[in-house]
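Notes to accompany the following structure.
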Amino acid sequence: MIATPSTTPHTGQDYLQKNPTGTETRSPNQSLLPLTANINSRDNLEIGGCDLKTLVEQFGSPLYILDEITLRTACRQYRDFFQTYYQGESQVIYASKAWSSLAVVAVIATEDLGFDVVSGGELHTTQKALTQMGYSNQEIAQKIYFHGNNKSVAELKQAIEIGCTIIVDNWVELQTIPQLAQNLSQQTIPILIRLTPGIECHTHDYIRTGHLDSKFGFDPNQIEAVFSYIAEQKSLDCRGLHAHIGSQIFERQPHQDLAGVLVEWLKIGQEYGLTLPVLNIGGGLGIRYTEEDDPPSIEEWVKAVSEAVMKACQRCGVPLPKLIAEPGRSLIGSACVTAYTVGSQKEIPELRTYIAVDGGMSDNPRPITYQSAYSVVLGNKMSAQINQTVTIAGKHCESGDILIKDAQLPQTHPGDILVIMGTGAYNYSMASNYNRLPRPAAVLVNNGEANLILRRETYDDLIRQDCLPQKLLS
Ligand SMILES: *Cc1c(COP(=O)(O)O)cnc(C)c1O
């Protein structure tokens, strides 16, 4: 066993940062646990007023637990702070690739956000949810923005029929859309142009270059060719420009720089007779996954972006565009935790202790894909002393299936509940059935009530798409 460094929390309680001013004023992306996290008299972790141990008994394990208040608070903060700090019109759209499902769309839609989708499947999910909620076709069209570097003709037709804005990524698409518009006898198709500014963000630093090696977006050197092509196309209603520079960003400067270059490009477009009333700055604000992570608050990020856009517009003599931001991770990441049940344990003396849980890379592929760090608490013994450094392993046939490498925990026993925090973004949406593990259920919790939003897959779900040709049966 490795000694626990003195800076780390002593018990699970230390992860609950009490805030006397209440949940509404905290920035969800800076909080490890959802805003409603609490410890109850049984020493269990509670989220949304629900005891996690009881939820696991009721809904099974592993389980995604999505806190409605945290998700709604993040939506409101984005929306309200843009209204506070940006003097023009603004719209916040949820990057639904972070977690796309009917209930997630429904919660976010009622907070008056729009949606960024990147595939026909995400478009279908979003449209279905909004239709079931009673939104009109026109309202749905205005809420959805369709991204992607290789949209198929079928996907483009789907988007054109829905009437949403298409964020055009490349020349092939730019030339295909007018043909489709003609075939579908559509007058005009609302589009934005995605550009690849020479700004690249790694997690904790960024670089600015003239060119960027990226599969997304137009090279800014082609911007004049793009504008002059669009100016000739009657079927293209080019509303403005878009860029997205990366994810899990902890600095404000990259987006401030981005605002500057995008506004300069808006000005060039206006020289081609294009009005370009929209500027979409992308997403990318980071969240806290570990004690060491220190992202800016939603308020700080929105303020920095708003001021940079207004300043650039003043400098370039461009009227304030409608400003769009499309956060994914920072809206939903901190609103969810995953509860697992502890199973086997393997102690390699003087080297490492493995504690295995009943999920892993199939429900959270981020550690094996990106070496992402996470934090964990022992959800059924929140005040137990943290006294060991262990490795939390998944149950997949893959040595790399490790959820947390150096986790700080109290003594654990088979049957204990481990709660990994910050699993709302890019967990369920990237989940797989590797090793034929059924994907977990998800519940939405609020005010002591838990509602199922994703049913746990069954073994029969796993063979639902399998076909057994007759000739193999004889
Ligand atoms: C992924 C993505 C986002 C959201 O990024 P986050 O880091 O989750 O905020 C926004 N826009 C585009 C185009 C994206 O691809």
(request) At least 3 residues that are of a type outside the set (Lys, Arg) and within 24 Å of Leu331 (Cβ to Cβ) in each: list the strands (runs of 3 or more DSSP E) lying fully within the stretch 164-257 that qualify. (result) 165-168, 199-201, 236-242
(message) Given (1) hydroxyl-bearing (Ser, Thr, Tyr); (2) farther than 27 Å from Asn29 by Cβ; (3) touching a Ser or Thr at 6+ places or on another chain (Cβ under 8 Å), identify the lone condition not met by Thr412.
(response) (3)
(message) Any residue that is more than 16 Å from the ligand (Cβ to nearest atom) and either without any contact (Cβ under 8 Å) to a residue 24 or more places away in the chain or open to solvent by 10 Å² or more (accessible area, probe 1.4 Å) (or both) - is there at least one of those in the stretch 240-250?
(response) no
(message) Exactly one of these conditions fails for Met382: (1) within 16 Å of Tyr426 (Cα to Cα); (2) open to solvent by less than 20 Å² (accessible area, probe 1.4 Å). Give me its number.
(response) (1)
(message) I'd like to verify a number: residues in the stretch 258-303 that are farther than 26 Å from Ser334 by Cα and either outside any helix (DSSP H, G or I) or among the hydroxyl-bearing types (Ser, Thr, Tyr) (or both), how many?
(response) 8
(message) Please count how many residues of the stretch 126-157 are away from the ligand (no atom under 16 Å from the Cβ) and open to solvent by 20 Å² or more (accessible area, probe 1.4 Å).
(response) 16
(message) When you check Asn364 against the structure, is it part of a loop (DSSP other than H, G, I, E, B) and within 16 Å of the ligand (Cβ to nearest atom), yes or no?
(response) yes
(message) Tell me whether the stretch 457-474 contains one or more residues that are in contact with a Phe, Trp or Tyr (Cβ under 8 Å, 6 or more places away or on another chain) and on the phi < 0 side of the Ramachandran plot.
(response) no
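Determine if the stretch 27-46 includes at least one residue that is outside the structural domain of Leu378 (by TED's automatic domain parsing), in contact (Cβ under 8 Å) with a residue 40 or more places away in the chain and in a strand (DSSP E or B).
Within the stretch 27-46, none of the residues are outside the structural domain of Leu378 (by TED's automatic domain parsing), in contact (Cβ under 8 Å) with a residue 40 or more places away in the chain and in a strand (DSSP E or B).
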(request) Would you check if Ile287 is under 30 Å from Tyr15 (Cβ atoms), under 16 Å from the mean Cα position of the chain (by Cα) and buried (at least 18 other Cβ atoms within 10 Å of the Cβ)? (result) yes
(request) Have a look at Gly317, Gly269, Gly273, Gly282 and point out the one that is touching a Lys or Arg at 6+ places or on another chain (Cβ under 8 Å), of a type in the set (Gly, Ala, Ser) and either away from the ligand (no atom under 12 Å from the Cβ) or open to solvent by less than 20 Å² (accessible area, probe 1.4 Å) (or both). (result) Gly317
(request) Search the stretch 401-430 for residues that are in the same structural domain as Glu46 (by TED's automatic domain parsing) and pair each with any residue that is of a type in the set (Asp, Glu) and open to solvent by less than 10 Å² (accessible area, probe 1.4 Å) when their beta-carbon atoms are under 7 Å apart and the residues are at least 6 apart or on different chains. (result) Asn427/Asp363
(request) Working only within the stretch 64-103, note down all residues that are part of a helix (DSSP H, G or I), more than 16 Å from the ligand (Cβ to nearest atom), among the hydrophobic types (A, V, I, L, M, F, W, C) and touching a Ser or Thr at 6+ places or on another chain (Cβ under 8 Å). (result) Ile69, Leu102
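Filter the stretch 9-35 down to residues that are of a type in the set (Ser, Thr, Tyr) and open to solvent by 30 Å² or more (accessible area, probe 1.4 Å) and give me whichever is modelled with the lowest pLDDT.
Ranking the candidates gives Thr21 first.
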(request) Report yes if Asp169 is farther than 29 Å from Gln83 by Cβ and within 13 Å of the ligand (Cβ to nearest atom), otherwise no. (result) yes
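The values are calculated or read from the model by the stated rules, or taken from the named source; none is laboratory data. Everything numeric in this text was worked out from a predicted model, so none of it was measured. Counting neighbours? That spans all protein chains shown, and the Cβs are built from the backbone with ideal geometry, glycine included. Quick note on the areas: whole protein, heavy atoms, side chains included, nothing else; ligands and nucleic acids left out. Shrake-Rupley method; radii C 1.70, N 1.55, O 1.52, S 1.80 Å.
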